Amino acid sequence: MSGLIGREKEKQLLKLYIESNRSEFIAIYGRRRIGKTFLVTETLGDRLDFDMTGVINGDSAMQLTSFALSLTQSGYTGKRPANWIEAFSALREVITARGNQQQVLVFIDEMPCLDTPKSGFVPALDLFWNGWASRQKNIKLIVCGSATTWMVDNIIDSHGGLHNRITHEIHLHPFTLHETEEYLKANDFHWNRLTICQTYMILGGVPYYLSLLDNKLGLPANVDRLFFSDDAELAGEYERLFSSLFRNPQPYKDIIRLLTDNKSGLTRKEISSKLGKESGGNLSKMLTNLENCDFLRKYNVREKKINSNNGIYQLTDFYVRFYNDFCRLHSTDSHYWSNSLNTPKQNNWYGLAYERLCMAHVQQIKQALGIAGIRTEYYSWRSKQSKPAAQVDLIIERADDIVNLCEIKYSRGKYTIDANEEEKLRNRITDFEQETGLKKAIQLTMITTYGLNENAHSYEVAASLDMNALF
C-alpha cells in the first residue's frame, strides 16, 4: 500500500506549527488505527531529532528502557536514567547539544503508555515543559496517543501543571469518502462509487482497516476474509480497540451495545434509564470520551426550539456498528457476507448504514446544495404526537429562513416515490411544521444512491442529491 493519502489540512497545520518562532507543544489524538503516527512520520520524516514510542502494556522499567534507547539513538552518551525526572533531564541535554539556531523536533508516540502507576511521568513532563522547554524558542514537542481519554484528561484538558500548556491540538478523524476513494485508487482498487460507499459503511474511513483490503478480491470476499474466515484479521480487533482506549472498557462497551440496539439513537436520560446508571457526571464523562474517539456523535433535537441539552446520541463508528450487528455472535459461515448478498437483511442494513454515511458527510451535502456559505444548524427530529412516531434523521435549518428536510434512501438503482410514500412525506412535513411551530420554508430534500425517478409523486421534492454529493 502507498504512502500518506489525504490529510492535507493536518499536514499543512503540522508544517505551520513547527516553523513558528516559539516552542510548541502539539498534541495529536484520535481512535486506534486512525493514522496518527503515520501523519507525523510521513510529514516530518528524518527531521525528527528525538523519536520514541511507548510500549503497549509495558511496565515502568520497560518504558524507561525504550526512552533510554531513543536517547542513545539521538546521540546521548550519559548515565542511563533511573526515573522520569532523569529521563527528561537527559532529553534536555540532547536538545541543548543541537544548539538554539535550529528547530528541534521531539516526537513521543503512545505517550499514555509511559504513565504507569506511581511512575511520576506526568509531573516530570510538567517540569520539563514548564520549567525549561516552553521558555526556549526552537523546541517542537509532538505527542500522540490512542488512549484518547488519557490524552484529553492529562494533556489537552489537564487541570494540573500542564493546564493550558498545549499550544496546538489535532484531532485526527477518520477519512472522508473522498479521501477513502483517493486511498483506494492509489492502491489499484477499481471499484465504483457504490462499492466504495459500501466499504465505508463496513470499515469506516480508518486507514489501517482499508490497508487490509486485497485489490484482487471483490468487497464481499474481502469482508468474508477480514471478519468471518477462520483466521479473520479483524476478528479480535474489537476487544483490542476498547482495551487500548479505556482502562475499564466494559462500561463503554455496554453503552455501545445499547446504541447498537437502538439505531435511531438515545438521549442521555434514556441511556441512563436503560443501563440503570445515574445520569450524572460519570455517564456524561463516558459519553464525552466516546465522542472524542469518534464512536458517537451527539445530535441536537428540534422541539419548539433547538435543544442541545436533550440531544440524541448515535453510534457513528462504522466498524464498531458492523462488528456488533454481524460478528458479535460469531457466525460459523466463513462466507457469510457473500452468501448474504441481496438478502432483505443485508439490504435493510445497507439502508440504515447509508443514513449514517450521509450524517457523517453533512458538509459535503451542504456544498452540493449550494449552501456551504450559509450559516446553518443541523439536527434530528422526533415527533411526539404521530403514531407511529415519525423521525427525520437530518434537518438543515438555514439562516436564510429555509429548512432542508432530508429523506435518505438507499437503493441499487434510481429511487421511485409511490403514492403511499408521497402521502407519508407530506404528513411528515405537516407534523414537523405543527410540532415545531417553525415559520420557515420547508424544502423536501431527497438523498439517494443513484438519484430520483421523476414521476407524478415526486413534485414535492425541492432538491435531489445522489451519492456523488458525498464525495
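In whole Å, what three semi-axes, largest first, describe the equivalent ellipsoid of the stretch 218-305 built from its Cα gyration tensor (square root of 5 times each eigenvalue)?
On the way: eigenvalues 176, 58, 25 Å².
Sorted largest first and rounded, they come to 30, 17, 11 Å.
Quickly rank 344-357, 380-393, 112-125 as a protection proxy: mean count of other C-beta atoms within 10 Å, highest first. Intermediate values should be presented prior to the final figure.
Values: 344-357: 17.0, 380-393: 14.9, 112-125: 18.6.
For the peptides 344-357, 380-393, 112-125, the packing ranking is 112-125, 344-357, 380-393.
Simple spin-label model, 7 Å along Cα-to-Cβ: Val362 to Glu377 in nm?
The two pseudo-label positions are separated by 1.1 nm.
Between the helical axis of 60-73 and the dominant principal axis of the chain, each derived from Cα atoms, what acute angle in degrees is found, rounded to the nearest 10?
Rounded to the nearest ten degrees, it is 70.
Determine, from the Cβ-Cβ distance of Ala61 and Ile85 and an R0 of 22 Å, the FRET efficiency 1/(1 + (r/R0)^6), rounded to the nearest 0.05.
Details: r = 16 Å, r/R0 = 0.71.
E between Ala61 and Ile85, to the nearest 0.05, is 0.90.
If the cut-off is a Cα-Cα distance under 17 Å, which lysines reach Lys137, setting aside same-chain residues fewer than 8 apart in sequence?
Result set, ordered by chain and number: Lys15.
Taking the stretch 175-360, how much of its Cα-Cα pair set, in percent, is spaced more than 26 angstrom apart? List each step's numbers first, then the result.
Values: 5935 of 17205 pairs.
In whole percent, the long-distance tail amounts to 34.
Place a point 7 Å from the Cα of Thr167 along the Cα-to-Cβ direction; which residues of the stretch 69-103 have their backbone N under 12 Å from it?
Within reach of a label on Thr167, which here means backbone N under 12 Å from a point 7 Å along Cα→Cβ, the stretch 69-103 contributes 103.
What number, rounded to the nearest 500 deg cm²/dmol, is the helix-based mean residue ellipticity at 222 nm of the chain, given -39500 (n - 2.57) per DSSP H run of at least four residues and division by all its residues?
On the way: 19 runs with 186 residues, N = 471.
Mean residue ellipticity, 222 nm, calculated: -11500 deg cm²/dmol.
Need one word for the stretch 8-171: rounded, prolate or oblate. Basis is the Cα gyration tensor (sqrt eigenvalues a ≥ b ≥ c); a/c below 1.5 gives rounded, then a/b vs b/c decides. Numbers along the way, then the final one.
On the way: a/c = 1.32, a/b = 1.07, b/c = 1.23.
Rounded.
With every atom except the alpha carbons ignored, what do you get for Rg and Dmax of the stretch 361-470, in angstroms?
13.6, 37
How high is the FRET efficiency between Glu454 and Gln136 when r is their beta carbon distance and R₀ equals 60 Å, given to the nearest 0.05?
Numbers: r = 66 Å, r/R0 = 1.09.
FRET efficiency, Glu454 to Gln136: 0.35.
Pairs Lys285/Lys440; Lys298/Lys440; Lys185/Lys285: which exceed 31 Å Cα-Cα? Display every interim value, and only then the final one.
Details: Lys285/Lys440 36 Å; Lys298/Lys440 25 Å; Lys185/Lys285 39 Å.
Violating the 31 Å limit, Cα to Cα: Lys285/Lys440; Lys185/Lys285.
Quick one: if the Förster radius is 60 Å, what FRET efficiency do Ala389 and Ser20 give, using the C-beta to C-beta distance and rounding to 0.05? Can you show the working numbers first?
Numbers: r = 53 Å, r/R0 = 0.88.
The pair Ala389/Ser20 has a calculated efficiency of 0.70.
For a distance above 20 Å, tell me the whole-number percent of Cα pairs in the stretch 88-166 that qualify.
The proportion of pairs with Cα distances above 20 Å equals 30 percent.
Quick check: pseudo-label points 7 Å beyond the Cα along Cα→Cβ at Thr72 and Leu194, how many nm apart are they?
Label at Thr72, label at Leu194, 5.9 nm between them.
Averaging the inverse of every distinct alpha carbon separation and then flipping it gives the Kirkwood radius. What is it for the chain, in angstrom units? Working shown, then result.
Details: mean 1/r = 0.0406 Å⁻¹.
Taking every pair of different Cα atoms in the chain, averaging 1/r and inverting gives 24.6 Å.
Each value in this text was obtained by applying a stated rule to the coordinates, not by laboratory testing. Here the structure is a predicted model, which is why all the values come from computation and not from measurement. All Cβ positions, glycine included, derive from the backbone under ideal geometry; neighbour counts span all protein chains shown.
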